[in-house]
Every structure is written in C-alpha cells, then in structure tokens.
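The values are calculated or read from the model by the stated rules, or taken from the named source; none is laboratory data. Here the structure is a predicted model, which means the values were calculated and not measured. Note that each Cβ is placed from the backbone with ideal geometry, even for glycine, and that neighbours are counted across all protein chains shown. All accessible areas refer to the heavy atoms of the entire protein, side chains included, with ligands and DNA or RNA removed. Shrake-Rupley method; radii C 1.70, N 1.55, O 1.52, S 1.80 Å.
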Amino acid sequence: MEKIEKVAREAALRAGELQKSRVGKVKSLDYKSAFNIVTDVDKASEALIIETIKASFPHDAFLAEESGAESGKQESERRWIIDPLDGTTNFAHSYPFFCVSIGVEEKGEMVLGVVYNAIASEIFVASRGQGATLNGEKISVSNRTTLDTSLLATGFPPDTLKSVHHNMDSFRTITNMCHGVRRDGSAALDLCFVASGRLDGFWERKLAPWDVAAGSLIVREAGGKVTNLEDGPLDMASGHILATNGKIHDEVVKALAHSIAAK
Ligand code: 2AM
Ligand code: CA
C-alpha cells in the first residue's frame, strides 16, 4: 500500500500543478452535452495521471472520466478510479475550487483515496483502516449533532432539471433547516470538506463513480458516514450520495425524503 499511495500522491501532485499553471489559459473547451464541458487541461491531466501510474503498475485497470474503462482487465485486479479534474466548470471560469481525485479499488473495495487541490496546496489522503489526513495531519468529521446548527453542501449535475427527483426541492427544504447549503461545484472537494469538519454534510444526485470514489473513503476514514440518499449502501454506479459527520445523518435522510415526497 505504501507504494500505491506514493504513486497516487505523485500523480495527483503532477496533474494539480499542471492545472494551477493553466488557470485562465484554457486552449480548447468542448461540450459533452448542453452544459457539461471538458477542456484540454482535463485531458492532459488524465494522460499525465495514467502515465504516472502505469510507469509503476503497468497491469492495473483504470476507470477514468475522459477515457472510460479499460477493456480486458480482470474484475479482481486493482482498479484506479480517476477524475483528473473535478470541478471543470469552476476551472474553466478561473473559480478556484477544483481538484484531482484518485481512488484505488481492490476486489470491489475502496482502499485508497487521494484528492489534491493545487490552488490551496491541500492534499487529502485516506488509506483503508488508517484514518484520513490533510497535508499529513489527521482529520476528523465535525461534532455537530443537529441539522439546525450545521453547514452543508450539495451540487447540481448539468441535466438535473430533467431528472424526476431533481435537487431543487431538496435544496430549498434543507436550506430552511440549517445554517446554509453551499453549492461549490466539486463533489470530491465537498466530500473532503465533510471529512475535515468544514462542512457537516453533503449530498448530490447522479454523480459518476470518479466523482465520489476517493472522497467517500476519505469521509469514512475521518469518522463520517456515507450512504445513498435513503440511508442504504452507497452505489457508485447510481451516484446518489449522502455523506455526513454521522450525527446529523438521520435528520438529513428524513429531510431529503420529505422534500422528495412533497414534490
Ligand atoms: P466534473 O467537474 O468532474 O464534471 C458538480 O455538482 C459536480 O458534478 C462536480 O463534481 C462535477 O464533476 C460533477 N458532474 C458534472 N457533470 C456531471 C455529469 N454529467 N454526471 C455526473 N457528475 C457530473
Ligand atoms: Ca472531471
């Protein structure tokens, strides 16, 4: 695990520094769908990350946002789940809230998560059973026990208004029940903010596995709770996620259920 962590950190740092050097200098911007964008820096970051990992682990499998899944790999093999640039919309607008997210899965279980925010020089790392750190210091979730004293975050994928259970109702409902709901545009960083106690909870619908793979392990290793929106097991394929400090989890689950039922 030490070598895996070293390589994951190195890949994240290399891609993060590239991103930092390219803020405000996007050369190409394509639309994956109506409001879902990808830049040359997303693609260059992913190539750099995969090249770095392959130099040490040439036989591992990858699931990465821009290049997808590699075919021909055994399910039991180690798999690297990569979002080379989480918060692309922020990046493209020079809004400084984006990161590199690298998760490592072995036999279907997340064993390592690394999230690097190059602008803030913050690297969040968690290794299964070993706790979570921010720049090498142990982190843990907050101690707040009630929703009405909590600060949360959520996010809105680009096609959210077309989805049946869209998030606006939940956003309105929960905003009226707590100190506030931030919408900052990087699910991986939002999860790390829950892990480090800056936020008490985060939820979002329809995320992709690479948005949550690393961050969900970091929250758990920091003592938090990660489920789907109904308090069931997290399914990275469906991408509905609720992460909290554990203490406000039931209250948020009830509030989300109420907001959906009220539709
Ligand atoms: P991205 O910047 O890597 O695209 C914002 O609410 C969060 O949703 C970000 O983490 C963003 O990741 C992610 N996101 C954006 N478009 C998405 C899509 N079509 N499906 C799933 N997640 C998406
Ligand atoms: Ca991305």
For segment 203-263, run through the GluC sites (Glu not before Pro) and keep only the ones in DSSP coil with at most 16 other Cβ atoms within 10 Å of their Cβ. GLU230
Along each principal axis, Cα extent of segment 2-138, largest first, Å: 39, 38, 25
Could you work out the relative contact order of the chain? I mean the mean sequence separation of Cα pairs under 8 Å and 6+ apart, divided by the number of residues, in percent. 17 percent
According to the Cα gyration tensor, what semi-axes, each the square root of 5 times an eigenvalue, does the equivalent ellipsoid of segment 147-261 have, listed from largest to smallest in whole Å? 18, 17, 13
Place a point 7 Å from the Cα of HIS258 in the direction of its beta carbon; the residues of segment 168-193 whose amide N falls under 19 Å from it are 168-182
Hydrophobic long helices for the chain, i.e. whole DSSP H runs reaching 27 angstrom or more by Cα along the axis with Kyte-Doolittle mean at least -1.0, come out as 2-21
Quick check for you: with a 1.4 Å probe and neighbouring chains kept, what is the accessible area per residue of segment 2-138, in Å²? 47 Å²
Of all accessible surface on the chain at a 1.4 Å probe, what whole percent is carbon and sulfur? 52 percent
Within segment 1-88, list the chymotrypsin sites (Phe, Trp or Tyr not before Pro) lying in a DSSP loop whose Cβ has at most 10 other Cβ atoms in a 10 Å radius. none
Rounded to the angstrom and largest first, Cα extents along the principal axes for segment 193-263 equal 33, 26, 18
Rg in Å to one decimal, and Dmax rounded to a whole Å, for the chain via C-alpha atoms: 17.4, 52
